[in-house]
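Enquirer: Just dropping this structure here.
The values are calculated or read from the model by the stated rules, or taken from the named source; none is laboratory data. Quick caveat: nothing in here was measured; it's all calculated off a predicted structure. Reconstructed Cβ throughout: ideal geometry from the backbone, glycine too, with neighbour counts over all protein chains shown. Accessible surface areas use protein heavy atoms only, side chains included; no ligands, DNA or RNA. Shrake-Rupley method; radii C 1.70, N 1.55, O 1.52, S 1.80 Å.
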Amino acid sequence: MEMETILLYCILVMTWVESSWNFYLVLRQRNVLKTTSVIPHDLNGIISEETFSKARLYNLDSISFGILHSLFDNVVGTLIIILYVMPLLWSYSTSLANKVGFKDSEIIVSIIFMLIMNTFNGLMSLPFAIYSVFVIEEKHGFNKQTPAFFIKDTLKGYFLMQFFIVLLTSPIIYIVNAGGDYFFIYLWLFAVFFTLFFMTIYPDVIAPLFDKYTPLEDGDLRTRIEELAASIQFPLKKIYVVEGSKRSAHSNAYFYGFYKNKRIVLFDTLLIDYVSSDAKNKETASESSEPETKPLVPAEKKGCTNDEVLAVLAHELGHWKGNHVLKQLILSQVNLFFLFMAFSFLFKYDVIYRAFGFYDSQPVIIGLLIILQFIFTPYHFILSFLLTLLTRKYEFEADNFAMRLGKAEFLRKALIKLNKDNLGFPVYDWLYSTFNHSHPPLLERLKALDKVE
Ligand SMILES: [Zn+2]
């Protein structure tokens, strides 16, 4: 057998071993969901019968759908490799580039190739996205998107991605081709620069393209958040509320920003009494008309009280105090350095290209795709497992920080409420949990909160 055939088989086996392992874990969790119909003892009083059964059905639906989706992706991915779709697409991109007058320009051909690939991937995942939002999330009461919102959102995401492909492909190829023996150092510096640039513009330029951010109004919550931030010298610049409720009923909170320029973002779905600016306008507009008849039984409100929101924020501030974001950023950049260095050693071997059907050319972008995506499969697998462990450790540290600020009781309440609002299912298969939960399961967090008290 030829070297390239052996390599191809190895890659296919690696990808299928990895996905079989993931399937195995997910099936174990699915089995837990199917068989746990009664609330376990230690969850009594934490979750109601009704929420428990709702959460079970929601998670069962999403996990089964997830299995189908990744099975589909794996089959398509394998077909792309064994039917030599990539070299076909490459020669098509070359002829397109020739037509528009860029004969033999690797950069232009690569851009065309990547744009088509991104379009193809978008089309492949579109039916799954539609089903997930309008069938599964809808059925369980989470979807807030109208079809028009969804279409706009998807198109915005698609064109933004196309824009970044055009922006990034040329410098990457240029650096690899012109950078000499140590091009991986320049490539890495470029990646670090771009990451920092992206992180800087994301909150002000990119995020507002998708969601509306409003500064949190003056009031009890705002004052107390500012007091909390001041008490631990958190350099808080602004507090925003994001109208996540137009997208979904899931709730969250986070902070971002470099150095002394931190901002806190709260999802409106996190706040129990939050009224959006739109809703307020409507209210004033309809004041003169007939008052609406109120429903006899008011729907149970979702979201957290101010005390609970503050406890959630205390947890987030724990991430800041522990430098978790910075540490993870450094870790990912170090990882990128090693990946680029390994790439610089491997990308000259033509067997890698021949395995994927590239016999007469060795395009940089193809080398990057093959090496980073396929050859490094086992490395990515181990790394992502270690990162999951690390994130889990950080979560406990952040909870611990909130506890030291005296927020244990309200954090407990908030965690229980958020679990209820988001229909988290609190029972897990241990092996599935070990590999998949970057956030520790509810019960573990509650137990940890109890311990030190
Ligand atoms: Zn956290």
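Enquirer: Can you give me the long-range amide H partners of Y240? Hydrogens built in the peptide plane at 1.01 Å from N, cutoff under 5 Å, separation of 5 or more residues or another chain.
Expert: L216, I264, V265, L266
Enquirer: Moving on. From the P(r) of segment 338-402, could you give the percentage of C-alpha pairs in the tail past 17 Å?
Expert: Value for segment 338-402: 53 percent of Cα pairs lie more than 17 Å apart.
Enquirer: Moving on. Quick one: 3J(HN,Hα) in Hz for segment 37-43, Karplus 6.51/-1.76/1.60 with θ = phi - 60°, rounded, Gly and Pro as x.
Expert: Couplings: 9, 10, 5, x, 3, 5, 9 Hz.
Enquirer: Next up: Sorting S231, S64 by accessible area (1.4 Å probe), largest first, what list results?
Expert: Final ranking, largest accessible area leading: S231, S64.
Enquirer: For the chain, what is the accessible area per residue in Å², given a 1.4 Å probe and the full set of protein chains?
Expert: 55
Enquirer: In whole Hz, with x marking every Gly and Pro, tabulate ³J(HN,Hα) for segment 97-103 from phi via Karplus 6.51 cos²θ - 1.76 cosθ + 1.60, θ = phi - 60°.
Expert: 3J(HN,Hα) across segment 97-103, in whole Hz: 4, 4, 4, 8, x, 10, 5.
Enquirer: Another one. With all protein chains present, calculate the accessible area of H319 using a 1.4 Å probe and round the result to the nearest 10 Å².
Expert: 20
Enquirer: Further question: If you line up the long axis of helix 183-201 against the longest principal axis of the chain, both from Cα atoms, how many degrees apart are they, to the nearest 10?
Expert: Around 30 degrees separate the two axes.
Enquirer: Expressed as a whole percentage, what fraction of the accessible surface of segment 294-453 belongs to carbon and sulfur atoms when a 1.4 Å probe is rolled over the protein heavy atoms?
Expert: Values: 5100 of 7940 Å².
Answer for segment 294-453: carbon and sulfur cover 64 percent of the accessible area.
Enquirer: What is the spin-label model distance, in nm, from I232 to E138 if the labels are put 7 Å beyond Cα along the C-beta direction?
Expert: 4.2
Enquirer: Which pairs, out of K34/K212; K238/K413; K237/K407, put more than 31 Å between their alpha-carbon atoms?
Expert: The answer is K34/K212.
Enquirer: Using the reciprocal of the averaged 1/r over all distinct C-alpha pairs, how large is the Kirkwood radius of the chain in Å?
Expert: 25.2 Å is the Kirkwood radius here.
Enquirer: Given labels modelled 7 Å from the Cα in the Cβ direction, how far is it in nm from N436 to D204?
Expert: A separation of 4.0 nm, rounded to one decimal place.
Enquirer: Please compute the length gained on full extension between L369 and L43, using 0.36 nm multiplied by the number of residues separating them and subtracting their Cα-Cα distance.
Expert: 112.8 nm
Enquirer: What length, rounded to one decimal in nm, is gained on full extension from F72 through to S95, with 0.36 nm per residue of separation minus their alpha-carbon distance? All intermediate terms of the calculation are to be shown ahead of the outcome.
Expert: On the way: separation 23, 0.36 × 23 = 8.28 nm, distance 3.05 nm.
5.2 nm is the gain from fully extending F72 to S95.
Enquirer: Modelling each spin label as a point 7 Å along the Cα-to-Cβ direction, I'd like the T119/D181 distance in nm, to one decimal.
Expert: 4.3
Enquirer: Leaving ligands, DNA and RNA out of it, work out the accessible area of F102 with a 1.4 Å probe and give it in Å² to the nearest 10.
Expert: Using a 1.4 Å probe on the heavy atoms, I get roughly 100 Å².
Enquirer: Here's something else I'd like to know. Given a 1.4 Å probe and every protein chain left where it sits, what share in percent of the accessible area of segment 189-240 is carbon and sulfur?
Expert: That fraction is 64 percent.
Enquirer: Percent relative contact order of segment 71-114, based on C-alpha pairs within less than 8 angstrom and at least six residues apart?
Expert: Dividing the mean separation by the residue count of segment 71-114 yields 31 percent.
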